[in-house]
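Asks: Have a look at this one.
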Amino acid sequence: MKKFTSAALLCAAALPGFAHASDCGEVSITEMNWASAAVVTNTAKFIMEQGYGCKVSVVPSDTVPAVTSVAENGEPDIVTELWLNSAGEAYTRLEDQGKVERLGKVLDPGGVEGWWIPTYLAEEHPELKTIEGVMAHPEWVGGTFNNCPDGWGCRVVNDNLIRALDLESSGLKVFNHGSGETLATSMASAVQDHKPWFGYYWGPTVPLGKYDMTRVKIGDIKPKVHKANQTPDNPNPGVSDFPAAPVLTSVTTTFKKQHPEVADMLSKMTFKTETMSGILAWKSENNASAEEATVHFLSNNPDVWSGWLNDSARKNLSSLLNK
């Protein structure tokens with residue numbers, strides 16, 4: 001029923017009667033090729049069109065092509081869900097050249113990754129909230145660490161952590177998954193059967209939105225150690241927990257000057273990472289589109305998005321979403 005309501009609202013929003021007069025004009029925005037980015041882009045698009053009267057064109061892209069396009073062509077106007085650790089020096093050079101400006105974090109605290117157990121295990125055995133507790137009682141987590149597939153960046157970091165902790169000396173066996181699908185399935189099967197599970201995962205993702213998981217504290221976050229652990233077969237691996245990856249909304253400086261109110265909205269448009277995982281879980285469970293997930297979020301979280309908007313745009317969206 002919620003899906004059909006969202007679909008009806010999307011159709012209604014497309015009618016001429018819902019357009020709002022504005023001098024916003026044409027705006028271009030990226031849509032990166034992963035699920036959370038599609039929700040972020042469609043949320044920004046919906047708000048800009050229905051709240052600020054913009055005519056928004058969506059540009060399918062990925063991190064490197066988007067940064068390259070801005071560098072060479074000065075567009076698209078908006079690059080959202082920009083993972084700074086993937087954009088690298090090419091993006092920071094654009095900032096140094098005054099071509100782009102980051103407006104704020106679109107995910108708070110950012111991209112998260114770490115080692116997790118089901119919350120029911122943490123409640124039954126609070127000691128398991130730390131890696132020391134897990135290593136002292138490997139049987140409580142099923143005796144296995146579920147590792148990333150070969151070729152993934154997290155596999156490199158995990159392998160170095162496993163050596164630094166001497167994890168296998170505790171009796172834990174490391175199972176290296178052959179794909180992301182089997183890693184996710186292992187978590188799903190365990191949680192659905194209320195069995196032990198221990199392993200790596202990241203967010204925002206469907207599994208972390210669907211299942212109640214508790215992150216195991218590996219240790220303090222030590223940026224230099226974590227960076228060194230990203231080198232395969234680090235000769236001197238250390239113990240550091242995973243820092244959150246900064247995920248930004250960035251715009252061209254020209255766009256910010258021409259559209260200060262829209263830029264102000266985008267600077268405030270922030271999703272809690274766990275909230276985004278929940279949206280992705282709802283999208284998966286309802287076989288919904290990114291547009292329908294957007295309307296689901298907006299319809300059920302007015303206390304969140306209303307703080308992003310100016311008075312006029314807030315009135316426009318409240319009128320539409322309350323119909």
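Asks: Return the pairs, sorted by first residue and then second, in which the second residue is part of a helix (DSSP H, G or I), the first residue lies in the stretch 181-195 and is in the same structural domain as residue 120 (by TED's automatic domain parsing), the beta carbons are less than 6 Å apart, and the residues are 6+ apart or on different chains.
Replies: Within 6 Å, the pairs are 184/207; 187/207.
Asks: Tell me, please, whether a residue that is outside the structural domain of residue 104 (by TED's automatic domain parsing) and surrounded by fewer than 19 Cβ atoms within 10 Å (Cβ to Cβ) can be found in the stretch 264-271.
Replies: No: zero hits.
Asks: I need the strands (runs of 3 or more DSSP E) fully contained in the stretch 70-149, keeping only those with at least 2 residues that are under 30 Å from residue 45 (Cβ atoms).
Replies: Those strands (runs of 3 or more DSSP E) span 78-83, 100-105, 112-118.
Asks: Identify, please: which residue in the stretch 273-323 is within 20 Å of the chain's Cα centre (by Cα) and of a type in the set (Asp, Glu) and is, among those, nearest to residue 215 (Cα to Cα)?
Replies: Per the stated criteria, the residue is 274.
Asks: Being at pLDDT 95 or above and either touching a Pro at 6+ places or on another chain (Cβ under 8 Å) or outside the structural domain of residue 191 (by TED's automatic domain parsing) (or both) narrows it down to one of 256, 217, 224, 210, so name that one.
Replies: None of the others qualify; the one that does is 256.
Asks: Next question. Take the stretch 27-47 and flag every residue that is in a helix (DSSP H, G or I) and either without any contact (Cβ under 8 Å) to a residue 60 or more places away in the chain or charged (D, E, K, R) (or both).
Replies: Result: 37, 45.
Asks: Answer yes or no as to whether residue 233 is exposed (fewer than 15 other Cβ atoms within 10 Å of the Cβ), outside the structural domain of residue 152 (by TED's automatic domain parsing) and either closer than 22 Å to residue 181 by Cβ or at pLDDT below 95 (or both).
Replies: yes
Asks: Can residue 174 be described as touching a strand residue (DSSP E or B) at 6+ places or on another chain (Cβ under 7 Å), touching a residue at least 12 places away in the same chain (Cβ under 8 Å) and in a helix (DSSP H, G or I)?
Replies: Criteria not met by residue 174.
Asks: I've got another one for you. Among the aliphatic types (A, V, I, L, M), at pLDDT 70 or above and in the same structural domain as residue 254 (by TED's automatic domain parsing): is that true of residue 37 in this structure?
Replies: yes
Asks: Mind checking which residues of the stretch 291-310 are surrounded by fewer than 19 Cβ atoms within 10 Å (Cβ to Cβ) and in contact with a Lys or Arg (Cβ under 7 Å, 6 or more places away or on another chain)?
Replies: Once the filter is applied, which keeps residues that are surrounded by fewer than 19 Cβ atoms within 10 Å (Cβ to Cβ) and in contact with a Lys or Arg (Cβ under 7 Å, 6 or more places away or on another chain), the stretch 291-310 yields 306, 307.
Asks: Pull out all pairs, ordered by first then second residue, where Cβ-Cβ is under 8 Å, the residues are six or more apart or on different chains, the first lies in the stretch 220-248 and is hydroxyl-bearing (Ser, Thr, Tyr), and the second is assigned to a loop (DSSP other than H, G, I, E, B).
Replies: Qualifying pairs under 8 Å: 240/218; 240/219; 240/220; 240/221; 240/222; 240/229.
The values are calculated or read from the model by the stated rules, or taken from the named source; none is laboratory data. As the structure is a prediction and not an experimental result, all values here were calculated from the model. Because the Cβ atoms are built from the backbone with ideal geometry, glycine has one as well, and the counts that use them run over all protein chains shown.
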